[in-house]
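Notes for the one structure printed next.
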């Protein structure tokens, strides 16, 4: 696929490592710090805090930076993972009671708690409440909206700490800091413009800055002014709309030309979003079949390096998709970012680590690494949960290092090993 | 790990597969071993038998005379051409005039690699003997099969597994109840490796092992369900079925091939008209073929799930 894995978002790259680097919201940050400090004297009255506020104001960053400052182990779950009763028990239940495997102090964080779904995460909220009631380590909940009715019973158990929107000068100052580190000389006016557009959301401001300034040495007001009329995100949505709802095959095919993402990426967008738009099962099967066939041609290109086949990939993924369904729009449906891309970039390193673990187990147990991952690793994980001493003994014998062990115990592998 | 701790070291320690063991012992006595194929289901002692044979043949330092390769990890033709050749062509020092190469999971070798192997086996017979370990000997090409002495390993009988469980529990000071043993037997399908993995995991709970503990640890180890994914698709929820698929691929490390084969084995157990079973089996076969050809696992399996959604819809409409 494409070479996007090397692209590091600046929001990651410039994530604050220490609380002193987190910008704004001084009072809120002080409250969080004080609350964590009270744990040194024993279990406080409120065993959890609920940090709330608009996106991009530093809620998660504050917790992460603090954990880093105080050398605490973060046990984190966000809306990207399932948070059923079972899952919460698994990740947080044990952690809230036992000492860490490596003796670090812990903090349990439920990010995006307002994203705990009523249907997909059955019993999740109730179990979070149970964890809070009995926890022996600090628990931090993070949400955009603390007044969501579903959080009512949680709210009473928590100390509430509000994060407010950042001011324009605060955001601009942070952007300036990034520019310095990237070797970009930026006009104040340009940064102020980006900051204003972000309405106090530092994350989106940094994303905009990266889109506009990466690879440049100078950033002028002219470079950024066009943002006012054109929104990058809108762009891919228009392309998708042109493909899904094309009036004819020519229009569907022409969408490729105006897309400012590469073909592999466009394919992922189409594949991700098709089932949300195409509801009739017969049509959905036909559309997915078109994508599967386009994928076969991609494979043939890979195998033969004959790029002339690309035309068939394009035909099938655009005109093929458009012609396979009746295009009755079921109201306005938002487009979603491709999951596979999110997962692929996040897990490339994890996959390498997983394969290394598989090799180590395989060598000792006389099986292939793929089978080791499939057949032995799940049991090893449970042994680690149940009986860290036995688990660590096995890990030592297998010659697994600390990082591998932590990864196994957290069960956070999310990618497959090719067999 | 108990699978390794209690892996037999010598042929005498192997408690089952008597007929096979006695044939292997005769090889040791004659200090000569033909090329062999050890075929049989997982966890029936194939690799163990090969290692024990080598141990008895060469003594404690048998590792110096043995190379163990896993064909699933190193299945390309280059491994055969280079690694295997280099190992195979030099004559060992000592009273046995050949070395042993154990090729594990040999049924995962590509056809090209098998062809290359065939020549290598012929050319270096003087200095190296090959033991091919496989689940299905039918996946080994005919010319290799005809050069090898076949050994068929059968699933271990219940009594033998029970004895083994009881022996290990005694050694490890673990209490196990009768229904715990039953549950392990039920889940491990005659596979001793799986048996011991389940047993050790259940023991790590630290309580006397009963059926409940066994089912709970195995459930946690395998929290995905192919059948569940199929039902979700048949009920028309493609998006959830696709999420389940993604979870299997990413989180639990299943390969596309594993999933497609397991889907196939579920099809004929579904409560749907035969016409649709056959149709879905046909489509599954097509997807299987595409995966073998190197197509993208998730895209192809998603297309298959969409077909299940279509099937569910048509069946409800009564067609």
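The values are calculated or read from the model by the stated rules, or taken from the named source; none is laboratory data. The structure presented is a predicted model; accordingly, all values stated were derived computationally and were not measured. Quick reminder, even Gly has a Cβ in these numbers, built from the backbone with ideal geometry, and neighbours come from all protein chains shown.
Listing for the model above:
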read-out: Among (1) at positive phi; (2) in contact (Cβ under 8 Å) with a residue 12 or more places away in the chain; (3) exposed (fewer than 13 other Cβ atoms within 10 Å of the Cβ) - the single one residue A:215 does not satisfy; value: (2)
read-out: Helices (runs of 4 or more DSSP H) lying entirely in the stretch A:136-235 (those with 1 or more residues that are within 25 Å of residue A:64 (Cα to Cα)); value: A:152-155, A:168-182, A:188-197, A:202-213
read-out: Near pairs, Cβ below 7 angstrom, 6+ apart or cross-chain, from the stretch A:174-190 (touching a residue at least 60 places away in the same chain (Cβ under 8 Å)) to any residue that is not in a helix (DSSP H, G or I); value: A:174/A:23; A:178/A:14
read-out: In the stretch B:145-155, the residues that are within 28 Å of residue B:86 (Cβ to Cβ) and in contact with a strand residue (DSSP E or B) (Cβ under 7 Å, 6 or more places away or on another chain); value: B:145, B:148, B:149, B:150, B:151
read-out: Flag if residue B:158 is surrounded by 14 or more Cβ atoms within 10 Å (Cβ to Cβ), touching a residue at least 24 places away in the same chain (Cβ under 8 Å), within 23 Å of residue B:19 (Cβ to Cβ) and out of contact with any strand residue (DSSP E or B) (no Cβ under 8 Å at 6 or more places or on another chain); value: no
read-out: Close pairs (7 angstrom Cβ cut-off, 6 or more residues apart or separate chains): touching a residue at least 40 places away in the same chain (Cβ under 8 Å) in the stretch B:112-124, in a helix (DSSP H, G or I) and surrounded by fewer than 20 Cβ atoms within 10 Å (Cβ to Cβ) anywhere; value: B:113/B:77; B:120/B:85
read-out: Those residues of the stretch B:229-241 which are within 12 Å of another protein chain (Cβ to nearest Cβ) and closer than 16 Å to residue B:311 by Cβ, in sequence order; value: B:233, B:234, B:235, B:236, B:237, B:238, B:241
read-out: Options B:294, B:256, B:312; residue that is at the interface with chain A (Cβ under 9 Å from one of its Cβ atoms) and surrounded by fewer than 15 Cβ atoms within 10 Å (Cβ to Cβ); value: B:294
read-out: Test: residue in the stretch A:41-56 that is farther than 30 Å from residue B:246 by Cα, in a helix (DSSP H, G or I) and modelled with pLDDT of 90 or more; value: no
read-out: Single residue of the stretch A:391-413 satisfying the filter (at the interface with chain B (Cβ under 9 Å from one of its Cβ atoms) and touching a helix residue (DSSP H, G or I) at 6+ places or on another chain (Cβ under 6 Å)) that is modelled with the lowest pLDDT; value: A:413
read-out: Residues being assigned to a loop (DSSP other than H, G, I, E, B) and closer than 23 Å to residue B:287 by Cβ - total across the stretch A:238-278; value: 1
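A quick yes/no check of all residues on (1) modelled with pLDDT under 80; (2) more than 14 Å from chain A (Cβ to nearest Cβ); (3) under 27 Å from residue B:41 (Cβ atoms):
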site: B:75; (1), (2), (3): yes, no, yes
site: B:79; (1), (2), (3): yes, no, yes
site: B:86; (1), (2), (3): no, yes, no
site: B:93; (1), (2), (3): yes, yes, no
site: B:99; (1), (2), (3): no, yes, no
site: B:108; (1), (2), (3): no, no, yes
site: B:111; (1), (2), (3): yes, yes, yes
site: B:126; (1), (2), (3): no, yes, no
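A quick yes/no check of all residues on (1) modelled with pLDDT under 95; (2) surrounded by fewer than 16 Cβ atoms within 10 Å (Cβ to Cβ); (3) in contact with a helix residue (DSSP H, G or I) (Cβ under 9 Å, 6 or more places away or on another chain); (4) within 12 Å of chain B (Cβ to nearest Cβ):
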position: A:273; (1), (2), (3), (4): yes, no, yes, yes
position: A:284; (1), (2), (3), (4): no, no, yes, yes
position: A:306; (1), (2), (3), (4): yes, yes, yes, no
position: A:331; (1), (2), (3), (4): yes, yes, no, no
position: A:335; (1), (2), (3), (4): yes, no, yes, no
position: A:338; (1), (2), (3), (4): yes, no, yes, yes
position: A:345; (1), (2), (3), (4): yes, yes, yes, no
position: A:353; (1), (2), (3), (4): yes, no, yes, no
